[in-house]
1. Would you work out the relative contact order for segment 121-239, in percent, from Cα pairs under 8 angstrom that are 6 or more residues apart?
2. Please state the shape class of the chain: rounded when a/c is under 1.5, otherwise prolate if a/b exceeds b/c and oblate if not, all from the C-alpha gyration tensor.
3. At a 10 Å Cβ-Cβ cut-off, how would you order 182, 153, 232, 237, fewest neighbours first?
4. Nearest 10 degrees, 0 to 90: what angle lies between the long axis of helix 217-246 and the longest principal axis of the chain (Cα atoms)?
5. Grab the DSSP H runs of the chain that are 4 residues or longer, score each as -39,500 (n - 2.57), total them, divide by all residues and round the 222 nm result to the nearest 500 deg cm²/dmol.
6. How far, in degrees from 0 to 90, does helix 170-181 lean away from the longest principal axis of the Cα atoms of the chain, to the nearest 10?
7. Would segment 105-260 count as rounded, prolate or oblate if I go by the C-alpha gyration tensor, calling it rounded below 1.5 in a/c and otherwise prolate when a/b exceeds b/c, oblate otherwise?
8. Among 83-90, 108-115, 220-227, what's the highest-first ranking by average C-beta atoms within 10 angstrom per residue?
Ligand code: MHQ
């Protein structure tokens, strides 16, 4: 049996790794994550590409802008929850995720699902006119005016724009998504060591793909985006608290249970 050194994959951080990782294994992890991403991506990039011309009309934009704050929040919470359901399905198919204890699966999803939705938003973003695929057509950020949280919307659109600028392929998006989700630094994890072990494999899978694509420079840029994702998610939670104070009954009776479970 070849050692990890012979296979060209090793972790320079630990001299003696008790869990040897073969190149074959890392390639399997890669393929599995990419497959899971494809199966749960809600829309395929080719399809979105073909729909780029579908923009909301002036009248349609006006109709969204004329909604009341609580009506528009309710609408967006529903759309966001739909996107989150696909993210949960993706998580469950990441090798090693289902083997984590239930507490840790929930902790990772609570802290990571919105981050993943934001990563996925970049796939649905058209940089030519700064629009995102929402409700069947492409929408600029002015469409979300009645949410009354322009700073959050602007931050989400800016992130989508900056992620698009990295020109990631679908494999890279898939592995970056897994990396964002499997984060051993999240508070309240019960079996941090097991999360770290899954994390290591995802990191190896990502650096392996980037090495193969001759794009190792991307790794550093992707790690920079993690902090931005985190700040947008805190802003989302902050806005939700503000909204809940204004419209407690809307949140209580009309928001999807999954949305409340993850963010409430
Ligand atoms: C998905 C499609 C999609 C749907 C909804 C007010 C509130 C509840 C949330 C999009 C924060 C506001 C979201 C609607 C804002 C950051 C939310 C509101 C990919 C993601 C995407 C485009 C969501 C992105 C984040 C949006 C704009 O397949």
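Computed from the coordinates by the stated procedures, all read-outs in this text should not be read as laboratory data. Worth saying up front: this structure is predicted, and the values here are computed from it rather than measured. Backbone-built Cβ (ideal geometry, glycine too); neighbour counts: all protein chains shown.
1. Numbers: 75 pairs, mean separation 27.0, N = 119.
The normalised contact order for segment 121-239 reaches 23 percent.
2. On the way: a/c = 2.46, a/b = 1.63, b/c = 1.51.
Cα axes put the chain in the prolate bin.
3. Details: 182 24, 153 21, 232 17, 237 12.
Final ranking by Cβ density, sparse to dense: 237, 232, 153, 182.
4. 40
5. Details: 11 runs with 167 residues, N = 264.
Using -39500 (n - 2.57) per qualifying helix, the result is -21000 deg cm²/dmol.
6. With both axes taken from Cα atoms, the answer is about 90 degrees.
7. The shape class here is oblate.
8. Numbers: 83-90: 18.5, 108-115: 21.6, 220-227: 12.8.
Packing proxy ranking, top to bottom: 108-115, 83-90, 220-227.
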